[in-house]
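Read the figures in this text as sums done on the coordinates, not as results from a lab. Just so it is clear, the structure is predicted and the values come from calculations on it, not from any experiment. Neighbour counts run over all protein chains shown; Cβ positions are idealised from the backbone, glycine included.
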Amino acid sequence: MAYYALKVLLSAVLIVAISEIAKRSSFLGGLVASLPIVSILAFVWLYLDTRSLDKVAALSSSIFWLVLPSLSLFLALPWLLKRTGNFFLSLGIAVAIMLGLYLAMVVALKRFDVEL
């Protein structure tokens, strides 16, 4: 139970830290948020939980392929914010675009026999 609480606490601290840093500097907030800290933590937690190198490798590969469509959020959101002037509408549309591209990526990878 303590191990699970540590994982939750560390993850929450990371999110709060990024938002606090971004209040002071969008560059530094973006820099910290863009680091693959969450992925690295996930690799560590998965390895410690399973001791499986294959599972860590598979997770790493899946993250690589799924990061690509997630980048659309960071392109669409600022563009939509400027066009609509509405944060929640822009965020919703940007997330919908991203989810559509996730679906497209999964379909495309299946056609090329790439397993996630």
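To the nearest 0.05, what FRET efficiency results for A104 and L46 with a Förster distance of 25 Å applied to their C-beta separation? Intermediate results must be reported in sequence, preceding the final value.
Working: r = 27 Å, r/R0 = 1.07.
Rounded to the nearest 0.05, the efficiency is 0.40.
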How are the Cα pair distances of the chain distributed, in percent, across 10 Å bins from 0? 12, 29, 38, 19, 2
Would you mind working out the magnitude of the charge dipole of the stretch 1-102 relative to its Cα centre, with +1 at each Lys and Arg C-beta and -1 at each Asp and Glu C-beta, to the nearest 20 Debye? 240
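What relative contact order, as a whole-number percentage, does the chain give when Cα pairs under 8 Å and 6 or more residues apart are counted?
Working: 57 pairs, mean separation 20.4, N = 116.
RCO, the chain: 18 percent.
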Ignoring everything except DSSP H segments at least 4 long, calculate the 222 nm mean residue ellipticity for the chain; use -39,500 (n - 2.57) per segment, divide by total residues, nearest 500. -30500 deg cm²/dmol
Give the residue from W79, A108, L41 lying farthest towards the positive end of the charge dipole for the chain; charges sit on Cβ (+1 for Lys and Arg, -1 for Asp and Glu) and the dipole is referred to the Cα centre. W79
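Would you please classify the overall shape of the stretch 11-75 from the alpha carbon gyration tensor, given that a ≥ b ≥ c denote the square roots of the eigenvalues, rounded means a/c under 1.5, and beyond that prolate means a/b larger than b/c while oblate covers the rest? Each step should come with its number before you reach the end.
Values: a/c = 3.80, a/b = 1.60, b/c = 2.38.
Oblate.
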Tell me which aspartates and glutamates have Cα within less than 20 Å of K55's Cα, excluding those fewer than 8 residues away on the same chain? D113, E115
Dimensions (Å) - the stretch 53-116, Cα atoms, principal axes, largest first: 45, 24, 14
What whole-number distance in Å separates the alpha-carbon centres of the stretch 75-105 and the stretch 1-45? 23
